[in-house]
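Peer 1: Here you go, one structure.
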Amino acid sequence: MAQVATHAHKQDQVRAPEQHQQHPIRLYLVVWGFLFILSAGSYFVDYAGLQGYLRWFLILLFMILKAGLIVAVFMHMAWERLALVYAILLPPLLVLVFVAMMASESSYTLFTRMAFFAGAQ
Amino acid sequence: MAQSVQTHTGDALERPPGLRGVAADLSSDQRAFKNVSWGKAMMWIFLLSDTFVFGCFLLAYMTARMSTTVPWPNPSEVFALTIGGQEIPLILIAIMTFILISSSGTMAMAVNFGYSRDRRKTAALMLLTAVLGASFVGMQAFEWSKLIAEGVRPWENPWGAAQFGSSFFMITGFHGTHVTFGVLFLLIIARKVWRGDFETERRGFFTSRKGNYEIVEIMGLYWHFVDLVWVFIFAFFYLW
């Protein structure tokens, strides 16, 4: 019997049980409220007609906060094991490298269009 | 006795915190994502690939908008609606945003009630989520027909850079398709929950496997992802 018990103990270490993500409703309602406020904020940016860097900064700020709340709480990333979190959240950051490449490329395209086709427009 | 060994499930193997734990999980020569069922892990990996799809669409939009010499149409005016004689900028898009966020909230609560095995509340909340999603698609259809009536085409529009139409139809069309499929799957799973499939361990018609309430959480992941993509589209396409 003791042998079986130690065997069972070893099984525990090999098999990780699957965890369910159940969290209080209150938490979801609070996040829901924050998402409403943040959305209203980003709509206000347009309604008030803010322009320039302030507009872009506020848009990005509200966007990142909303995305963070959805991923962390609604999609339960805040409670997942770190190996999954890194495997899912790190690769999209590499898209930023792509963004930098395409931003530089489109500036070049704009430059050639201005230089060679400006008269034709 | 062999059976008792097999059915016994203990706690997950402790790992050192931080990156060391990640390395231990990934190099453990077992399953990398411990505590995570294969269904949930596969949904996450699908969502990761979908992130790249939408990332590429938004990148293409950025490239088109940055490289054109023609002024970009002002979305604030293009998507304005006249209500009661007053022109309100972006109002329809704002309503769509609030509807999608609300549907995410009801979905999150459905997951909670699913794990509490409250099948009526779970199914009702999933149905509410589906209704909100369907109304989102309906408003998008209204928005599309309004813009098409005003002369927006993938190759031209009355206000400025021609790429506006192609970017708009591509990005919102693909997102709307995602919402539509989400609504269909919400209805299918809500029906299963309502019927009590996960209490009676009824086998699925397609997979012949017994399901459980985790499918509600996995469905929720997809639905929240659709909401998440809309956050980026709203910021970059409509507000920028």
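The values are calculated or read from the model by the stated rules, or taken from the named source; none is laboratory data. A quick note: this is a predicted structure, and the numbers were derived from the prediction, not measured. Note that each Cβ is placed from the backbone with ideal geometry, even for glycine, and that neighbours are counted across all protein chains shown.
Peer 1: Go through (1) more than 7 Å from chain B (Cβ to nearest Cβ); (2) at pLDDT below 90 and name the single condition A:Ala40 misses.
Peer 2: Among (1) more than 7 Å from chain B (Cβ to nearest Cβ); (2) at pLDDT below 90, A:Ala40 violates only (2).
Peer 1: Which one of these does A:Ala16 not meet: (1) among the small types (Gly, Ala, Ser); (2) buried (at least 17 other Cβ atoms within 10 Å of the Cβ); (3) at pLDDT below 90; (4) not in a loop (DSSP other than H, G, I, E, B)?
Peer 2: Result: A:Ala16 fails condition (4) only.
Peer 1: Considering only residues that are within 19 Å of A:His23 (Cα to Cα), aliphatic (A, V, I, L, M), at the interface with chain B (Cβ under 7 Å from one of its Cβ atoms) and in a helix (DSSP H, G or I), which ones fall in the range A:74-83?
Peer 2: If the condition is that a residue be within 19 Å of A:His23 (Cα to Cα), aliphatic (A, V, I, L, M), at the interface with chain B (Cβ under 7 Å from one of its Cβ atoms) and in a helix (DSSP H, G or I), then A:Leu82 is the only one that fits.
Peer 1: Same structure, new question: Might you check whether a residue that is surrounded by 22 or more Cβ atoms within 10 Å (Cβ to Cβ) and either away from chain A (no Cβ under 11 Å) or assigned to a helix (DSSP H, G or I) (or both) occurs anywhere in the range B:82-93?
Peer 2: Looking for residues that are surrounded by 22 or more Cβ atoms within 10 Å (Cβ to Cβ) and either away from chain A (no Cβ under 11 Å) or assigned to a helix (DSSP H, G or I) (or both), one finds at least one in the range B:82-93, hence yes.
Peer 1: Same structure, new question: With among the hydroxyl-bearing types (Ser, Thr, Tyr) and part of a loop (DSSP other than H, G, I, E, B) as the only criterion, which of B:Ser208, B:Ser166 stands out? Before the answer, list the steps.
Peer 2: Values: B:Ser166 fails: part of a loop (DSSP other than H, G, I, E, B).
B:Ser208 is the lone residue from the list that is among the hydroxyl-bearing types (Ser, Thr, Tyr) and part of a loop (DSSP other than H, G, I, E, B).
Peer 1: Considering only the range B:214-234, how many residues are surrounded by 23 or more Cβ atoms within 10 Å (Cβ to Cβ), over 10 Å from the mean Cα position of the chain (by Cα) and within 8 Å of chain A (Cβ to nearest Cβ)?
Peer 2: Qualifying residue count, the range B:214-234: 3.
Peer 1: Mind listing whichever residues of the range A:50-80 are of a type outside the set (A, V, I, L, M, F, W, C) and in contact with a helix residue (DSSP H, G or I) (Cβ under 7 Å, 6 or more places away or on another chain)?
Peer 2: A:Arg55, A:Lys66
Peer 1: Just for the range B:112-132: of the residues that are more than 15 Å from the chain's Cα centre (by Cα) and under 28 Å from A:Gly41 (Cα atoms), which one is surrounded by the fewest Cβ atoms within 10 Å (Cβ to Cβ)?
Peer 2: B:Leu128
Peer 1: For the range B:51-63, which residues satisfy the criterion of being more than 7 Å from chain A (Cβ to nearest Cβ) and either buried (at least 17 other Cβ atoms within 10 Å of the Cβ) or touching a His at 6+ places or on another chain (Cβ under 7 Å) (or both)?
Peer 2: Within the range B:51-63, B:Phe54, B:Phe57, B:Leu58, B:Tyr61 meet the criteria.
Peer 1: Another question, then. Mind counting the residues in the range B:19-41 that are more than 7 Å from chain A (Cβ to nearest Cβ), under 29 Å from the mean Cα position of the chain (by Cα) and either modelled with pLDDT under 80 or exposed (fewer than 13 other Cβ atoms within 10 Å of the Cβ) (or both)?
Peer 2: Counting residues in the range B:19-41 that are more than 7 Å from chain A (Cβ to nearest Cβ), under 29 Å from the mean Cα position of the chain (by Cα) and either modelled with pLDDT under 80 or exposed (fewer than 13 other Cβ atoms within 10 Å of the Cβ) (or both) gives 2.
Peer 1: What number of residues in the range B:64-79 are within 7 Å of chain A (Cβ to nearest Cβ) and surrounded by fewer than 17 Cβ atoms within 10 Å (Cβ to Cβ)?
Peer 2: Counting residues in the range B:64-79 that are within 7 Å of chain A (Cβ to nearest Cβ) and surrounded by fewer than 17 Cβ atoms within 10 Å (Cβ to Cβ) gives 3.
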